[in-house]
Ligand SMILES: Cn1cc(CCO)c2c3c(c(-c4ccccc4Cl)cc21)C(=O)NC3=O
């Protein structure tokens with residue numbers, strides 16, 4: 001019965017932090033190590049169903065992707081009383097989608113500087129995922145989680161000490177790619193389409209020859225969505241206009257930044273920059289005078 005389940009033995013459930021048709025996600029404390037985890041409990045999928053395929057792909061992807069600063073970390077997964085359970089790193093800052101609905105003006109918009117920080121960090125996560133011959137296939141604001149840490153590092157007071165630690169007070173925000181339920185391999189793709197608002201047209205046309213560039217496309221629309229505050233089209237003329245490469249400029253951003261976003265939604269996947277080239281883009285590199 002429920003009380004002898006591993007979930008109840010090993011964890012104290014703090015609160016539910018998400019729910020949907022996939023199941024529910026809980027913020028939990030591990031009774032042994034005292035750390036917080038995000039634990040997703042979903043109905044055990046029917047054997048042989050696509051849900052089961054996705055659940056297996058998700059755990060495999062986490063296992064292969066291991067530890068990376070811009071990918072949500074996986075700890076364990078198990079089945080109990082007809083449920084699938086996955087234990088992941090808890091990100092304490094919500095997701096990028098939370099910012100969009102929270103404030104009154106239908107979502108706060110981000111400054112160019114903040115958009116650059118999200119773009120370069122998520123591009124680093126994609127660079128790592130793509131380097132493992134995997135693709136995410138569902139990049140969107142609700143799948144980018146935020147970790148906020150405060151670091152207090154004092155300089156060493158001992159004058160003989162040569163370790164002149166940088167005084168590093170303040171908040172650090174790290175963005176991490178989560179929800180690996182649509183992850184598939186670039187070489188033997190079995191594509192499960194992600195959210196249509198962020199979906200590249202070639203995927204809809206079942207052209208899987210350049211899957212890493214579909215992630216780049218979705219990343220561009222993710223940045224565009226949090227930068228514009230407006231809803232993205234799910235279909236129709238507006239949907240196709242974006243897929244023809246027409247992305248209205250973000251008013252708060254420079255021409256160069258808007259040009260980079262437009263290049264990432266180019267109709268031809270080959271013309272879009274790779275995740276690697278985005279991480280090296282002059283616009284996103286820390287400038288001396290920043
Ligand atoms: C709805 N929701 C809210 C959060 C907390 C954000 O402050 C959250 C997390 C995750 C997940 C998640 C997504 C997909 C699969 C498994 C998990 Cl645990 C869902 C989450 C996850 O893997 N890590 C999270 O922090």
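The values are calculated or read from the model by the stated rules, or taken from the named source; none is laboratory data. Not measured: the values here are computed from a predicted model. Positions of Cβ are backbone-derived with ideal geometry, glycine not excepted, and every protein chain shown enters the neighbour counts.
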Test each condition in (1) more than 22 Å from residue 94 (Cα to Cα); (2) surrounded by 10 or more Cβ atoms within 10 Å (Cβ to Cβ); (3) modelled with pLDDT under 95 for residue 8 and report the one that comes out false.
(3)
Scanning the stretch 229-257 for residues that are under 21 Å from the mean Cα position of the chain (by Cα) and under 15 Å from residue 284 (Cβ atoms) gives 257
So, residue 76, is that one surrounded by fewer than 16 Cβ atoms within 10 Å (Cβ to Cβ) and within 12 Å of the ligand (Cβ to nearest atom) or not?
yes
Tally up the residues in the stretch 1-50 that are part of a strand (DSSP E or B) and within 15 Å of the ligand (Cβ to nearest atom), please.
25
Exactly one condition in (1) touching a residue at least 60 places away in the same chain (Cβ under 8 Å); (2) within 30 Å of residue 228 (Cα to Cα); (3) not in a loop (DSSP other than H, G, I, E, B) is false for residue 97; which is it?
(1)
